[in-house]
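Enquirer: Once you've had a glance at the structure underneath, I'll fire off some questions.
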Amino acid sequence: MRSLALVLLSLLAGCEAPPSGPSEATVRVLRGATLIDGTGGPPLADAVVVIADGRIAAVGRDGEVAIPDGARVDDLAGGFLIPGLIDVHAHALVPTCDGAGFDEALSERLVAALLRFGVTTARSPATPTARGVALRDRIAAGAIPGPRLLGAGELIDGRETTPEAVRAEVDAQAAAGVDFVKLYSRLSPEAVRAGVEAAHAHGLPVIGHLQRTSWTEGLAAGIDQLTHAAPWTAEMLAPADRAGYRDAVARRGPMRARIDWLEALDPDGPEVGAVVDALVRQRVPLDPTLVAFDTKFSTDGTRPVAARYRDHPDRDAAEGLPALWEACGAETDAWTPDAFRRAEAAWPTLLALVRRYHEAGVRLTAGSDTPNTWVIPGEGLHRELELLADAGLPPADVLRIATRNGAEALGLLAEVGTVEAGKRADLVLLTADPLASISNTRRIAWVMQGGERVER
């Protein structure tokens with residue numbers, strides 16, 4: 001009891017006169033790097049970033065920002081400082097091949113890999129509700145390393161066949177503490193509308209991976225965000241091409257028919273334009289997840305999935321995941337060489353569609369869809385940024401998409417997404433300029449989350 005009393009007295013003594021500012025021991029100064037702050041403004045050479053108690057206290061040019069006495073000063077000359085990356089589409093729990101369960105240990109390795117690759121904030125857009133909430137909370141409590149996580153619950157799909165069933169599932173997920181609700185591809189327009197209304201009644205945003213319900217119908221229902229570059233629905237095709245596409249879906253299955261859809265698509269056509277206009281008008285964010293499609297549409301000529309994915313030096317970022325992918329197989333394993341040739345020939349059309357989104361002012365975000373087959377956790381987001389650049393987006397725009405835009409879409413712009421005073425000190429130091437090549441986001445010297453360096 002005596003020792004406990006002494007401890008309590010010491011704690012109380014420390015609280016009698018709280019300092020007016022952060023203690024010197026908590027102050028860290030990052031000095032000398034070129035800062036690309038995520039706002040879209042020009043790079044700031046010889047930057048100074050003052051960090052106190054896990055947040056950014058001041059930002060400016062060297063000589064213009066006061067450096068507190070006794071602060072720890074890190075010389076970052078020659079480096080490039082960017083905000084922590086945001087992956088808005090990273091499934092945090094890894095399912096087994098049969099879909100009947102999840103590998104908890106592998107899931108923990110996955111979220112740790114995301115953080116090592118500079119992803120300091122992520123959204124898991126569909127996990128088993130209770131397990132997803134528990135994983136999010138364990139990361140928040142510091143029990144396991146990982147990005148600051150927001151999550152949706154279980155996919156709401158064809159199992160919930162009526163609007164009433166959809167409302168009940170949304171109510172249950174809200175009670176469990178999810179951050180988002182995700183409505184999936186088999187839901188009818190009526191069910192989507194019911195889900196949106198129920199989620200909004202709980203103050204929850206809605207992510208839509210829609211297919212039976214068109215994007216136009218989803219937008220009319222008030223959906224908050226959409227995912228994947230293409231809805232794979234006939235509404236974006238010219239009327240003369242719609243019956244042929246529906247026939248391809250019936251004969252070849254939805255995955256293989258995506259080739260037919262791209263072959264028929266005119267990215268500059270009025271049908272696409274109508275959808276784009278609606279996206280812009282309603283300011284609905286969209287994460288293209290190009291990397292998840294590239295892993296399926298690319299091949300090295302001898303086997304599905306190109307060697308750049310199968311044999312990537314970071315393939316084991318989450319140990320055990322490649323073995324799972326090999327065991328489960330790819331959705332395109334049965335495709336013929338001709339199908340792959342057609343897919344690769346059609347690929348530029350998907351890039352052109354994303355370019356049109358961007359040029360029209362659609363609010364794009366960055367998502368990898370990991371652990372989709374051969375989308376390596378963390379590294380997959382960097383590949384996504386490369387593919388956005390391949391679509392014609394300038395590196396500065398791509399970087400903003402992966403930082404500020406993601407934070408805004410997640411409702412976290414007041415906290416993360418840019419390097420500004422008052423925000424959390426989520427930062428990535430690069431050894432090469434990402435504005436010269438977006439591939440340089442891979443050149444990571446260190447990652448910082450909440451003012452603390454992450455072990456890599």
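The values are calculated or read from the model by the stated rules, or taken from the named source; none is laboratory data. Here the structure is a predicted model, which means the values were calculated and not measured. Here the Cβ is made from the backbone with ideal geometry for all residues, glycine too, and neighbour counts use every protein chain on show.
Enquirer: With the condition kept exactly as written, say whether any residue in segment 364-380 is farther than 26 Å from S124 by Cβ, within 20 Å of the chain's Cα centre (by Cα) and small (G, A, S).
Expert: Within segment 364-380 (the criterion being farther than 26 Å from S124 by Cβ, within 20 Å of the chain's Cα centre (by Cα) and small (G, A, S)), the answer is no, since none of the residues qualifies.
Enquirer: Are any residues in segment 108-165 in contact with a strand residue (DSSP E or B) (Cβ under 9 Å, 6 or more places away or on another chain), within 20 Å of A318 (Cα to Cα) and β-branched (V, I, T), and if so, which ones?
Expert: V111, V119, T120, T121, T127, I139
Enquirer: Which ones in segment 341-365 are surrounded by fewer than 21 Cβ atoms within 10 Å (Cβ to Cβ) and of a type in the set (G, A, S)?
Expert: Correct list: A345, A346, A352, A360, G361.
Enquirer: For segment 403-426: of the residues being touching a Ser or Thr at 6+ places or on another chain (Cβ under 8 Å) and assigned to a helix (DSSP H, G or I), which is surrounded by the most Cβ atoms within 10 Å (Cβ to Cβ)?
Expert: Ranking the candidates gives G406 first.
Enquirer: Determine whether A130 is over 23 Å from G320 (Cα atoms), modelled with pLDDT under 95 and within 23 Å of the chain's Cα centre (by Cα).
Expert: yes
Enquirer: Then there's this: Of all residues being buried (at least 19 other Cβ atoms within 10 Å of the Cβ) and in contact with an Asp or Glu (Cβ under 7 Å, 6 or more places away or on another chain) in segment 218-269, which is nearest to R342 (Cα to Cα)? Just the residue, please.
Expert: A264
Enquirer: May I ask you to verify whether I156 is under 16 Å from A278 (Cα atoms) and either buried (at least 22 other Cβ atoms within 10 Å of the Cβ) or among the hydrophobic types (A, V, I, L, M, F, W, C) (or both)?
Expert: It is false that I156 is under 16 Å from A278 (Cα atoms) and either buried (at least 22 other Cβ atoms within 10 Å of the Cβ) or among the hydrophobic types (A, V, I, L, M, F, W, C) (or both).
Enquirer: Quick one: how many residues across segment 380-402 are under 21 Å from R443 (Cβ atoms) and not in a helix (DSSP H, G or I)?
Expert: Final tally of qualifying residues: 2.
Enquirer: Can you tell me which residue among W335, W325 is buried (at least 18 other Cβ atoms within 10 Å of the Cβ), at pLDDT below 95 and either acidic (D, E) or in contact with a strand residue (DSSP E or B) (Cβ under 7 Å, 6 or more places away or on another chain) (or both)?
Expert: Residue meeting the stated conditions: W335.
Enquirer: Still on this model: Quick one: which of A168, A152, A191 is of a type outside the set (D, E) and touching a Phe, Trp or Tyr at 6+ places or on another chain (Cβ under 7 Å)?
Expert: Being of a type outside the set (D, E) and touching a Phe, Trp or Tyr at 6+ places or on another chain (Cβ under 7 Å) holds for just one of A168, A152, A191, which is A152.
Enquirer: State whether the residues of segment 54-69 include one that is modelled with pLDDT of 95 or more, outside any strand (DSSP E or B), in contact with a Leu (Cβ under 8 Å, 6 or more places away or on another chain) and under 27 Å from P434 (Cβ atoms).
Expert: Looking for residues that are modelled with pLDDT of 95 or more, outside any strand (DSSP E or B), in contact with a Leu (Cβ under 8 Å, 6 or more places away or on another chain) and under 27 Å from P434 (Cβ atoms), one finds none in segment 54-69, hence no.
Enquirer: Counting residues that are out of contact with any Gly (no Cβ under 6 Å at 6 or more places or on another chain) and under 28 Å from F293 (Cα atoms), which helices (runs of 4 or more DSSP H) fully inside segment 151-231 reach at least 2?
Expert: 189-201, 215-220
Enquirer: Being more than 27 Å from L364 (Cβ to Cβ) and basic (K, R) is the filter here; which residues of segment 284-314 pass it?
Expert: R303, R310, listed by residue number.
Enquirer: Just to be sure I understand the filter: pairs with C-beta atoms under 9 Å, separated by 6 or more residues or on different chains, first member in segment 338-365 and farther than 26 Å from I401 by Cα, second member at pLDDT 95 or above and surrounded by fewer than 21 Cβ atoms within 10 Å (Cβ to Cβ). Which pairs pass?
Expert: R342/E263; A345/E263
Enquirer: Six or more apart or on different chains, Cβ under 6 Å: which pairs go from a residue in segment 291-308 that's in contact (Cβ under 8 Å) with a residue 40 or more places away in the chain to one that's part of a strand (DSSP E or B) and charged (D, E, K, R)? Could you list them?
Expert: none
Enquirer: Can you tell me which residue in segment 38-53 is surrounded by the most Cβ atoms within 10 Å (Cβ to Cβ), limited to those that are in contact with a Pro (Cβ under 7 Å, 6 or more places away or on another chain) and in a loop (DSSP other than H, G, I, E, B)?
Expert: G38
Enquirer: Scanning segment 123-150 for residues that are among the hydrophobic types (A, V, I, L, M, F, W, C) and assigned to a strand (DSSP E or B), which turns out surrounded by the fewest Cβ atoms within 10 Å (Cβ to Cβ)?
Expert: Going through the qualifying residues, I end up with L150.
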